Amino acid sequence: MERGKRKERVGTVVSDKMEKTAVVEVASHYKHPLYKKILKRFRNFKVHDPENSCGIGDVVRIAETKPLSRTKRWRLLKIIRKAE
């Protein structure tokens with residue numbers, strides 16, 4: 001039973017060198033306030049991956065969770081597409 005809706009993001013794995021942890025890069029788009037150009041902003045999240053199942057280049061869905069370590073606050077939900 002969840003209390004409310006947890007945030008979910010889709011991103012690309014950029015590092016899988018840690019034990020049970022992956023770094024996922026999530027891109028978001030926003031419009032520049034003055035010049036109105038669409039820009040892309042990137043953010044990295046440390047994700048809990050208990051089976052070490054994802055590799056670099058995989059597209060994954062992640063969800064917010066309770067703090068698991070000092071920097072790890074997200075968990076792996078699903079691997080959408082494996083890297084080739």
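What number of residues within the stretch 38-56 satisfy the criterion of being surrounded by 12 or more Cβ atoms within 10 Å (Cβ to Cβ) and among the β-branched types (Val, Ile, Thr)?
Let us first name the residues in the stretch 38-56 that are surrounded by 12 or more Cβ atoms within 10 Å (Cβ to Cβ), namely 44-49, 52-56.
If we keep only those that are among the β-branched types (Val, Ile, Thr) too, we end up with 47, 56.
Qualifying residue count, the stretch 38-56: 2.
Checking residue 82 against (1) touching a Phe, Trp or Tyr at 6+ places or on another chain (Cβ under 8 Å); (2) basic (Lys, Arg); (3) surrounded by 10 or more Cβ atoms within 10 Å (Cβ to Cβ), only one condition comes out false. Which one?
Condition not satisfied by residue 82: (1).
Name the residues in the stretch 19-32 that are of a type outside the set (S, T, N, Q) and surrounded by 12 or more Cβ atoms within 10 Å (Cβ to Cβ), would you? Walk me through how you get there before you give the answer.
At the first step, the residues of the stretch 19-32 found to be of a type outside the set (S, T, N, Q) are 19-20, 22-27, 29-32.
Scanning the stretch 19-32 gives 20, 22, 23, 24, 25, 26, 27.
Which is surrounded by 12 or more Cβ atoms within 10 Å (Cβ to Cβ) and either under 11 Å from the mean Cα position of the chain (by Cα) or in contact (Cβ under 8 Å) with a residue 40 or more places away in the chain (or both), of 77, 68? Break it down stepwise before answering.
Working: 68 fails: either under 11 Å from the mean Cα position of the chain (by Cα) or in contact (Cβ under 8 Å) with a residue 40 or more places away in the chain (or both).
77 is the lone residue from the list that is surrounded by 12 or more Cβ atoms within 10 Å (Cβ to Cβ) and either under 11 Å from the mean Cα position of the chain (by Cα) or in contact (Cβ under 8 Å) with a residue 40 or more places away in the chain (or both).
Checking the condition touching a residue at least 24 places away in the same chain (Cβ under 8 Å) and either basic (Lys, Arg) or in contact with a Phe, Trp or Tyr (Cβ under 7 Å, 6 or more places away or on another chain) (or both), which residue from 17, 46 passes? Show your work before the answer.
Numbers: 17 fails: touching a residue at least 24 places away in the same chain (Cβ under 8 Å).
After ruling out the rest, the residue left standing is 46.
Of all residues in the stretch 63-79, how many are assigned to a strand (DSSP E or B) and either touching a Lys or Arg at 6+ places or on another chain (Cβ under 6 Å) or among the charged types (D, E, K, R) (or both)? Explain how you work it out, then say what you get.
Pass one, the stretch 63-79, residues assigned to a strand (DSSP E or B): 63-64, 72-79.
Okay, now just the ones that are also either touching a Lys or Arg at 6+ places or on another chain (Cβ under 6 Å) or among the charged types (D, E, K, R) (or both), so 63-64, 72-73, 75, 77-78.
Final tally of qualifying residues: 7.
Condition check ((1) in a strand (DSSP E or B); (2) within 20 Å of residue 84 (Cα to Cα)) across all residues:
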residue: 6; (1), (2): no, no
residue: 23; (1), (2): yes, yes
residue: 40; (1), (2): yes, no
residue: 52; (1), (2): no, yes
residue: 55; (1), (2): no, yes
residue: 61; (1), (2): yes, yes
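Conditions first: (1) aromatic (Phe, Trp, Tyr); (2) in a strand (DSSP E or B); (3) surrounded by fewer than 15 Cβ atoms within 10 Å (Cβ to Cβ). Residue 35 passes all but one, so which condition is the exception?
Condition (2) is where residue 35 drops out.
What is the number of the single condition among (1) over 15 Å from residue 83 (Cβ atoms); (2) at pLDDT 95 or above; (3) not in a strand (DSSP E or B) that residue 2 does not meet?
Status for residue 2: all satisfied but (2).
The values are calculated or read from the model by the stated rules, or taken from the named source; none is laboratory data. Since the structure is predicted, the reported quantities are computational estimates derived from the model, not experimental observations. With ideal geometry, Cβ positions are generated from the backbone for all residues, glycine too; neighbour counts draw on all protein chains shown.
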